[in-house]
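Asker: Got a structure for you, questions after.
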Amino acid sequence: MLCLAPTPNSNSTMRFLTGLQPSGQLHIGNFFGAILPAVQLQHQGEAFYFIANYHAMTTMASPQTLRENTRSLAVDFLACGLDPQKAVFFEQSAVPEVNELAWILSTVCPMGLLERCHSYKEKMARGIAATHALFAYPALMAADILLYNSDAVPVGKDQKQHLEVTRDLAGKMNDTFGPDLFKLPEPIISESTAIVPGLDGQKMSKSYGNALPIFGDEKETRKLINKKIITDTTPLEAPKPTDHSIILALYKLFASPQDYDTMLARHRSGGFGYGQFKKDLFEAYWEYFRSAREKRAWLLAHPEYVDDVLSAGASRAREEASQTLSRVRRAVGLA
Ligand code: ADP
Ligand code: TRP
């Protein structure tokens, strides 16, 4: 058995926790907005990162897709630098105790709190079935966070309200069942993480068909960049506009500052065409993810390693979960 899980939390260590839904192929917006910050935080404290497959069931009903997406998220997160020696990495459903805590939290959760959540309303507006699970989603998310005694939760801006619900529920539990039952977790919402633009200039999102995948096929990704980034008709010899340039915005994420300055200067001077800029963009992107791609190929060839990581993470997470749950059961009168 490999020793893959880090040692338990000490009082002085910050514990970070976040979950990512297995909802399809990861794109570079997910990378810069969620994965990279999580990978950086694992060096600053103790990290609990999980694949939110229970949450994914609120919008997906295909067992095969759920299984495949869960697996590919595990592989891709590890390939992008999640270090199982530093972070406890597991599937949400490997710790079913979270459902019991969600139930207990839901007994102090006012309906109005859930009714105000805009994520639920937005999903209904997109035609997603208004199930009980979709409505109760924030209570399960609160349980994810409180079960592992998290100090801080890095999330995108869209999840801020769910963190407020979590803090509310933790406070209500403390008021009702004992003042020290839960600590109130802090959200980490990086204002500096710019929204990564998609190939069409809108926010990159898998729902908009404008995404640049992290691990795309070489030929297809080259084609995506060539076809989907629409450029103007400025002649080759003329200077090119730099404001709102999608090519420049994306290139900046991958290129060294010197290479970025060179591309900027070439836009301004004229004499270089969009075809050349797109080629440079593709090459910088391809190089940026080279080592992650190599690691991913290794992980795909060693599925047993991924299994070991997830099962060591699940055991460690379960230890923590059962301690919290015993404490909570005692406090509410179930034990
Ligand atoms: P999508 O919009 O493709 O459905 P998700 O909502 O599943 O993406 O987002 C998962 C994580 O990736 C969230 O934490 C979100 O903040 C981050 N993220 C998604 N798209 C972007 C983007 N274009 N720029 C920055 N971060 C993003
Ligand atoms: N709801 C989050 C999202 O869609 C995923 C998630 C589930 C989560 N449980 C969590 C994030 C707990 C942070 C903490 O992105």
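Asker: Every residue in segment 166-187 that is open to solvent by less than 60 Å² (accessible area, probe 1.4 Å) and among the hydrophobic types (A, V, I, L, M, F, W, C), please.
Answerer: Hits for segment 166-187 are Leu169, Ala170, Met173, Leu181, Phe182.
Asker: Just give me the residues in segment 1-32 being modelled with pLDDT under 90 and either farther than 25 Å from Ser311 by Cβ or aromatic (Phe, Trp, Tyr) (or both), in sequence order.
Answerer: Result: Asn11, Ser12.
Asker: Among the residues of segment 277-322, which ones are in a helix (DSSP H, G or I) and aromatic (Phe, Trp, Tyr)?
Answerer: Phe277, Phe282, Tyr285, Trp286, Tyr288, Trp298, Tyr305 - these are the residues of segment 277-322 that are in a helix (DSSP H, G or I) and aromatic (Phe, Trp, Tyr).
Asker: For the list (1) among the aromatic types (Phe, Trp, Tyr); (2) at pLDDT below 95; (3) within 27 Å of Gly112 (Cβ to Cβ), I need the number of the one condition that Phe177 fails.
Answerer: Phe177 satisfies all of (1) among the aromatic types (Phe, Trp, Tyr); (2) at pLDDT below 95; (3) within 27 Å of Gly112 (Cβ to Cβ) except (2).
Asker: For segment 109-151, give me every one of the helices (runs of 4 or more DSSP H) that falls completely inside it and has 3 or more residues that are within 19 Å of Val328 (Cα to Cα) and at pLDDT below 95.
Answerer: none
Asker: Turning to a different aspect of this structure: Pairs please, first residue from segment 296-313 and over 20 Å from Leu26 (Cβ atoms), second anywhere and open to solvent by less than 60 Å² (accessible area, probe 1.4 Å) and part of a helix (DSSP H, G or I), Cβ atoms under 8 Å, 6+ apart in sequence or on different chains.
Answerer: From segment 296-313, the pairs are Ser311/Ala94.
Asker: Filter segment 223-265 for residues that are in a helix (DSSP H, G or I) and exposed (fewer than 12 other Cβ atoms within 10 Å of the Cβ) and give the result.
Answerer: Lys227, Pro257, Gln258, Asp261, Ala265, listed by residue number.
Asker: Being in contact with a Lys or Arg (Cβ under 6 Å, 6 or more places away or on another chain) and not assigned by TED's automatic domain parsing to the domain that holds Ala249 is true for just one of Leu184, Leu163, Leu169. Which residue is that?
Answerer: Being in contact with a Lys or Arg (Cβ under 6 Å, 6 or more places away or on another chain) and not assigned by TED's automatic domain parsing to the domain that holds Ala249 holds for just one of Leu184, Leu163, Leu169, which is Leu184.
Asker: Any idea how many residues of segment 152-165 are open to solvent by less than 20 Å² (accessible area, probe 1.4 Å) and assigned to a helix (DSSP H, G or I)?
Answerer: Total satisfying the criteria: 3.
Asker: Starting from segment 5-28, keep only residues that are at positive phi and of a type outside the set (Phe, Trp, Tyr), then list their pairs with residues that are modelled with pLDDT under 95 and surrounded by fewer than 22 Cβ atoms within 10 Å (Cβ to Cβ) whose Cβ atoms are within a distance under 6 Å, requiring at least 6 positions of separation or different chains.
Answerer: Correct list of pairs: Gly24/Lys206.
The values are calculated or read from the model by the stated rules, or taken from the named source; none is laboratory data. Quantities reported herein were computed from a predicted structural model and do not represent experimental measurements. Counting neighbours? That spans all protein chains shown, and the Cβs are built from the backbone with ideal geometry, glycine included. Just so you know, the surface numbers come from the protein's heavy atoms only, side chains and all, with ligands and any DNA or RNA stripped out. Shrake-Rupley method; radii C 1.70, N 1.55, O 1.52, S 1.80 Å.
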